[in-house]
Amino acid sequence: MPDQKTRCSLAQRSQTALLVVDFQEKFRPVIANFEGILEKLILATRSAGILKVPIMVTEQYPKGLGTTVEELQPFLAGVERIAKTDFSCFKEGRFLEELRKVQVNTLILGGVEAHVCVAQTALHAVSEGYQVHVLEDAVGSRNPEHLGIALKRLREAGVVISCTEMAVFELLGCAGTLEFKEVQKLIKT
């Protein structure tokens, strides 16, 4: 488990990647608050693009579950979609290759399902020494009770439970920059 200093440190733009886990079309009708989660993932991906934070995207068995939702596609130009069948992203070789390339020590996670792929990926990342932030307002499960259980377990394991705006402002660090003004427009809309 990460020590207290690691768990309490702020996400630093130069050391952080955003990971969108399995936010695919077939989940749309079954995930509680899917549209609300989508809104937050759009904010997260657009902000990451402005701040030049690497974005990684996984897709669980895309042949059966479809691809990443269409609404996110414009903000993921040039981002590889990493197909997987294991629940933890860390069990997928292609994911590990891409993660090594971005050379970060912090992962910010959003996506579905919170109690399966998001949780297993977050727990695996912590065990590998990463600082992990899970965006409570950008993750979901079919059953809202499962979401609550997952967040509780992740918090107990040393994962930082955050929200999208909190993470974005941590990555910004200060006001008065052009990036701040661009992100502020996204938040106000």
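None of the figures in this text is laboratory data; all of them are computed from the coordinates on show. Just so you know, these numbers come straight off a predicted model, no measurement behind them. We place every Cβ from the backbone using ideal geometry, glycine too, and count neighbours over all the protein chains shown.
Distance between the 7 Å Cα→Cβ label points at Gln12 and Glu128: 2.0 nm. When you count the other C-beta atoms within 10 angstrom of each residue and take the mean per peptide, 97-106, 23-32, 160-169 line up highest first as 160-169, 23-32, 97-106. Assuming R0 = 35 Å, can you tell me the calculated FRET efficiency for the pair Arg94 and Asn143, based on Cβ-Cβ distance, to the nearest 0.05? That pair, Arg94 with Asn143, gives E of 0.70. Here the extension length gained between Phe180 and Lys52 equals 44.8 nm, from 0.36 nm per residue of separation less the Cα-Cα distance.
Evaluating kT/(6 pi eta Rh) at 37 °C and 0.692 mPa s, with the Kirkwood radius of segment 113-189 over Cα pairs in the Stokes-Einstein relation, gives 241 µm² s⁻¹.
In percent, rounded to a whole number, the relative contact order of segment 57-189 is 18, using alpha-carbon pairs under 8 Å and six or more apart. Considering only Val53, Val21, Val116, the Gaussian network model of the chain with Cα springs below 10 Å gives its largest mean-square fluctuation to Val116. Cross-link reach is defined here as a Cα-Cα straight distance under 19 Å, omitting same-chain residues fewer than 8 places apart; for Lys181 the lysines meeting it are Lys40, Lys52. According to the square roots a ≥ b ≥ c of the eigenvalues of the Cα gyration tensor, what is the shape class of segment 11-188, taking rounded for a/c under 1.5, prolate for a/b larger than b/c otherwise, and oblate for the remainder? Since a/c stays below 1.5, the shape of segment 11-188 is classed as rounded. A Förster radius of 25 Å combined with the Cβ-Cβ distance from Gln103 to Ala157 puts the calculated FRET efficiency at roughly 0.55.
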